[in-house]
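Below is one structure, written out as structure tokens, with a few remarks after it.
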Amino acid sequence: MAMAPQTLQNVLRHQFLRPIFPLNRVFAHRQNPQLKIPKVTHAPKPNYQPYYPFAQVAKILYRNPAYWNSFFWIDKGRKNSDSLTPLTLNSPVLYQNALIGVIDYIGEYQARVKLITNSQLTVSVRVSRGKDQYLDLLKHLNGLLNYNCIQSNKKLTDELEHIRHQITQQKENHYLAKGEITGLSLPLWRQDGWILKGKGFNCSSTDHLSIARDLFSGVPLDGGGEKMPLIEKDDLLITTGFDGIFPEGLLVAKVICVDALKPGEYFYSLTASPIIQNLDDLSHIEIISPLPFQLEHLNEYGGYIFNKTTN
């Protein structure tokens, strides 16, 4: 039996679509064609200020409930983007210096952002352990200490100051295992949609930040340095810059748990949560330029041919 139009409208109006799309105004206009919906003649200036140099700010326009943790649309496109930071495919999308996605489609006045919780987006990350782990906590502590009700309680203020002092005393970051994380691409009504899965984490090679370590013991393979686990709960995951898209050092996620190694495995798997956990509440984001990495075309053997400069 088909549902009556009025009943269908009421159902939609009170379900999950309500906070996303102003259905009551659309239905009211359909029922009363004389009702005019006012048009916004100019966009208000966003309160959000970008953290990254030369980033452009964009407003989130729309999110499809079925792809809630996969994409959203923003109000920037080819014809209305900032000339200082041109909008291009694979432009990283940030919020407060934390990675939340990448531009994967550009229209004339709108663009689509693929979120890090999308299973089709893979981000190369490394473990960072040390003072950077507590940047978010330090920000919250500073905010609490600015409240008058906290300042009037000397005992509580002293305890918070002691915690802040302990955090700021950590002088060094240790960079350990490297691997990849992906999302789950779950719809709005799935509660675990913000969970990230990581795989391939090991520390088998030395680079400019980390040294090679044994997978099981964490002992440096060159014999120098201190022993430490490659991954632990609450470790910070930051971008490596190895994928040719995301600049190095962007905050991405925090480790929730590390899976035990299975017989024969040479890497760790893990579960993580994004640094920005209130993605549902965001109204503005910032866009930066991707790493300057371009491919020309494939040669006859299937390999990449790059631009070469001639003398």
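Read the figures in this text as sums done on the coordinates, not as results from a lab. What you are looking at is a predicted structure, and each value in this text was computed from that prediction instead of being measured. When we count neighbours, we look across all protein chains shown, and the Cβ atoms used for this are built from the backbone with ideal geometry, even at glycine.
Does the stretch 254-296 classify as rounded, prolate or oblate by the C-alpha gyration tensor (a ≥ b ≥ c root eigenvalues; a/c under 1.5 gives rounded; else a/b over b/c gives prolate, otherwise oblate)? Here the stretch 254-296 falls in the oblate category. Taking 0.36 nm per residue of separation and subtracting the Cα-Cα distance, full extension of the segment from GLU226 to ASP214 would add 3.1 nm. In the calculated pair-distance distribution of the stretch 145-205, the portion above 17 angstrom amounts to 68 percent of the Cα-Cα pairs. Considering amide H positions built from the backbone, and no H for Pro or chain starts, which residues 5 or more places from ASN202, or on another chain, come under 5 Å of its amide H? Long-range HN contacts for ASN202: LYS178, TYR268. The stretch between GLU161 and SER283 holds 40.7 nm of extra length on full extension. This uses 0.36 nm per residue minus the Cα-Cα distance.
Subtracting the Cα-Cα distance from 0.36 nm times the residue separation, let me have the gained length for GLU172 to LYS79 in nm, one decimal.
On the way: separation 93, 0.36 × 93 = 33.48 nm, distance 4.47 nm.
Here the segment from GLU172 to LYS79 would lengthen by 29.0 nm.
Is there a pair in LYS79/LYS199; LYS59/LYS139; LYS139/LYS233; LYS154/LYS197 whose C-alpha atoms are over 32 Å apart, and which pairs would that be? Checking Cα-Cα distances, LYS79/LYS199; LYS154/LYS197 exceed 32 Å.
Counting neighbouring Cβ atoms within 10 Å and putting the fewest first, the residues VAL102, VAL57, VAL127 line up as VAL57, VAL102, VAL127.
Gyration tensor analysis over the Cα atoms of the stretch 72-211 returns equivalent ellipsoid semi-axes of 34, 24, 16 Å (largest first, whole Å). Computed from label points 7 Å out along Cα-Cβ, the spacing between ASP259 and LEU89 is 3.1 nm.
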